[in-house]
């Protein structure tokens, strides 16, 4: 069953074609990689999917509802969450409060309810705290719940950012270069983590990543962008030996295939 589809998405900035006719279909449970050289248009695709940018042309559907042009918070409430290439945590707040913030979009109590300390506000505050702690236990960060986010090792900060996305109860999770800046051990732990949360949280995952070890190691299907256009798609094995992909990555892969 199709969970998400993008039809002929085009994004033009001042005459520059950033994305040209991008289409994508995701079924429930997919783990798909979106790759390409720097500047290929990958993050622009994510920005259109999550409402940060409105496509110049094209349509986006999620669970059979058109979401083209909806605001980011409306798209998040429908079940699409994302992370960013540059970690966006509240560095001075405790780990648990970083996660609790993601629950606020589902609060029923008002600002005045918080000021007045109404029973509804206190009940929801406790539900947020308990929910955040339960989530931290599931992603193995509960031991750090009351530490500042800035004090976590880099790999755990990445995990915390993913946990914040999970707190919005997504059905579709978009990961933008989650392995950026990681050492080999952290990268392997991340790969295992992504596969685990995909199963534990019943997620569909779309992944942007430059680390080909990650992409080839966990993705079922890969789409390749270059200069805003899709130049190839297929299984990891097919992409590794695709001449167009090798040419696009020449210099990064040395023309010897995508390893």
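Bear in mind that the values in this text are calculations on the coordinates, not laboratory data. Computed from a prediction, not measured in an experiment: that's the story for all the values here. Ideal geometry is used to build each Cβ from the backbone, glycine not excepted, and the neighbour counts take in all protein chains shown.
Structure above, values below:
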item	result
Most fluctuating residue given options 23, 241, 102, as computed from a GNM of the chain linking Cα atoms under 10 Å	241
Degrees between helix 119-138 axis and first principal axis of the chain (Cα, 0 to 90, nearest 10)	50
With Cα atoms, 0 to 90° folded angle of helix 154-166 axis to the chain main axis	70
Fluctuation leader among 184, 37, 55 - the chain, Gaussian network, Cα springs under 10 angstrom	184
Percent antiparallel among DSSP beta bridges (both partners in the chain, rounded to 5)	55
Segment 201-246 versus segment 1-23: alpha-carbon centroid distance in Å	17
Cα pair distances in segment 1-104, grouped into 5 Å bins until the bin that holds the longest one, percent each	2, 11, 20, 21, 19, 13, 9, 4, 1
Proxy reagent accessibility, fewest Cβ within 10 Å first, across 237, 171, 196, 223	237, 196, 171, 223
C-alpha long axis of helix 184-200 to longest principal axis of the chain, angle in °	70
Contact order normalised by residue count of segment 1-68, Cα under 8 Å, 6+ apart, percent	40
Label assignment, Rg and Dmax of the Cα atoms in Å derived from the structure, set (i) 20.6, 74; (ii) 19.2, 65; (iii) 18.4, 57	(ii)
